[in-house]
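Q: Below: one structure in structure tokens.
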Amino acid sequence: MPPNLRRFLPLVLVAFFLLFLLPTLLKKKSSSGLSSEARATQTINAMNLIDKGELAYRTAHGAYTGHLADLLATSHGLARDLVIGLVVQLDAGSDRHSFVAQVESSVLSLVRARNGKTLIADTCLIVKNGSGVKCPS
């Protein structure tokens with residue numbers, strides 16, 4: 001191997017790495033999940049199903065429940081919405097005549113509370129803006 005080529009071989013290898021391998025390693029992975037709009041829609045649907053489930057549970061048992069499992073038994077659509085990675089916090093008051101529910105996804109956070117049948121809180125926060133992500137009216 002000629003001495004000039006041997007001297008430039010490391011530079012050629014570095015240039016090859018920078019031109020061909022580095023872009024492949026740094027390439028963003030395409031997200032193969034739900035769109036932001038679909039994730040927001042399922043977050044809103046989950047909150048509505050939890051609210052309806054709590055009202056139905058109160059009608060049947062005379063009190064709200066603080067356990068998500070009690071609501072999953074009657075609402076099959078809720079399990080389908082939860083599978084996208086929603087975080088749900090559900091708490092009933094000590095007298096079980098009130099409840100607060102928080103449902104959060106990567107794009108939307110919702111809080112709803114009732115005292116008796118009266119809606120006392122219904123708030124929404126957009127965590128991450130995206131196409132079609134909006135709070136329910």
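The values are calculated or read from the model by the stated rules, or taken from the named source; none is laboratory data. Just so we're clear, the structure is a prediction, and the values are computed from it rather than from any experiment. So basically every Cβ, Gly included, is an ideal-geometry build from the backbone, and we count neighbours across all protein chains shown. When the accessible area is computed, the model is the full protein with side chains, heavy atoms only, and any ligands, DNA or RNA have been set aside. Shrake-Rupley method; radii C 1.70, N 1.55, O 1.52, S 1.80 Å.
Q: With all protein chains present and a 1.4 Å probe, how do VAL83, VAL100, VAL14 order by accessible area, largest first?
A: VAL83, VAL14, VAL100
Q: Hey, what number do you get for the chain at 222 nm if only DSSP H runs of n ≥ 4 count, each worth -39500 (n - 2.57), divided across all residues, to the nearest 500?
A: Mean residue ellipticity at 222 nm (helix-derived): -12500 deg cm²/dmol.
Q: With unit charges on the beta carbons (Lys and Arg positive, Asp and Glu negative) and the dipole taken about the Cα centre of the stretch 81-137, which residue among SER137, LEU108, ILE126 sits farthest to the positive side?
A: Value computed over the given set: SER137.
Q: Moving on. With every protein chain left in place, what is the accessible area of SER75 in Å² (1.4 Å probe, nearest 10)?
A: 20
Q: Sticking with this structure for a sec: Given the options LEU72, ALA46, ALA60, identify the residue whose Cα lies farthest towards the positive end of the charge dipole of the chain (+1 on Cβ of Lys, Arg; -1 on Cβ of Asp, Glu).
A: Of the candidates, ALA46 comes out farthest on the positive side.
Q: Determine the order of GLU54, GLU37, GLU104 by accessible area, beginning with the largest, at a probe radius of 1.4 Å. Provide the component values of the computation, followed by the final result.
A: Values: GLU54 0, GLU37 95, GLU104 70 Å².
Result, largest first: GLU37, GLU104, GLU54.
Q: Also: For the chain, which whole-number percentage of the solvent-accessible area (1.4 Å probe, protein heavy atoms only) is attributable to carbon and sulfur atoms?
A: 60
Q: While we're here: Ordering ILE44, ILE120 from largest to smallest accessible area (1.4 angstrom probe), what's the sequence?
A: ILE120, ILE44
Q: Would you mind getting me the FRET efficiency between THR74 and ASN129? Use the beta-carbon distance for r and R0 = 30 Å, nearest 0.05.
A: My answer for the efficiency is 0.30.
Q: Here's a follow-up. So, counting K/R as plus one and D/E as minus one, what does the shell of residues with Cβ under 13 Å around LEU86 add up to?
A: Taking every other residue near LEU86 into account, the sum is 0.
Q: For the chain, find the longest principal axis of its Cα atoms and tell me its angle to the long axis of helix 3-16, 0 to 90°, nearest 10.
A: 20
Q: Say each of ILE84 and ALA60 gets a label point 7 Å from the Cα, pointing the same way as Cα to Cβ; how far apart are those two points in nm?
A: 2.6
Q: Using a 1.4 Å probe, what is the accessible area per residue for the stretch 19-116, in Å²? Could the numbers behind the result be given before it?
A: Working: 5690 Å² over 98 residues.
Per residue, the stretch 19-116 has 58 Å² of solvent-accessible surface.
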